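Since the structure comes first, as structure tokens, the remarks are kept for the end.
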Amino acid sequence: MVVFSNEVTPLTTYRDPYGCQKLPADAHEINNLSDGPVTLYGDPFCMTPSMTVQPGHGSHVSPGSGSFSAE
């Protein structure tokens, strides 16, 4: 999974993510390059699911306190 924050920050790459991962505070967009779905959350503890991003797809995320989980 790759996270884009802004034009002056390098991409954040998660290789083989597993379990709950907090997104960078300035995250703007995610791209699911894994083999399975990734669930996005609106909180840093993976408690409030908001949507699932299928492999090969991406999504905008709200900056702040989001997280994601992958299996």
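The values are calculated or read from the model by the stated rules, or taken from the named source; none is laboratory data. This structure is a prediction, so every number in the text was calculated from the model and none was measured. Note that we place each Cβ from the backbone using ideal geometry, even for glycine, and neighbour counts take in every protein chain shown. Heads up: the accessible areas ignore ligands, DNA and RNA and are worked out on the full protein's heavy atoms, side chains in. Shrake-Rupley method; radii C 1.70, N 1.55, O 1.52, S 1.80 Å.
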(message) Show me the strands (runs of 3 or more DSSP E) entirely contained within the chain in which 1 or more residues are open to solvent by 30 Å² or more (accessible area, probe 1.4 Å) and either basic (Lys, Arg) or in contact with a His (Cβ under 9 Å, 6 or more places away or on another chain) (or both).
(response) 2-4, 19-22, 29-31, 58-60
(request) Run residue 56 past the list (1) modelled with pLDDT under 95; (2) on the phi > 0 side of the Ramachandran plot and report the number of the one that doesn't hold. (result) (1)
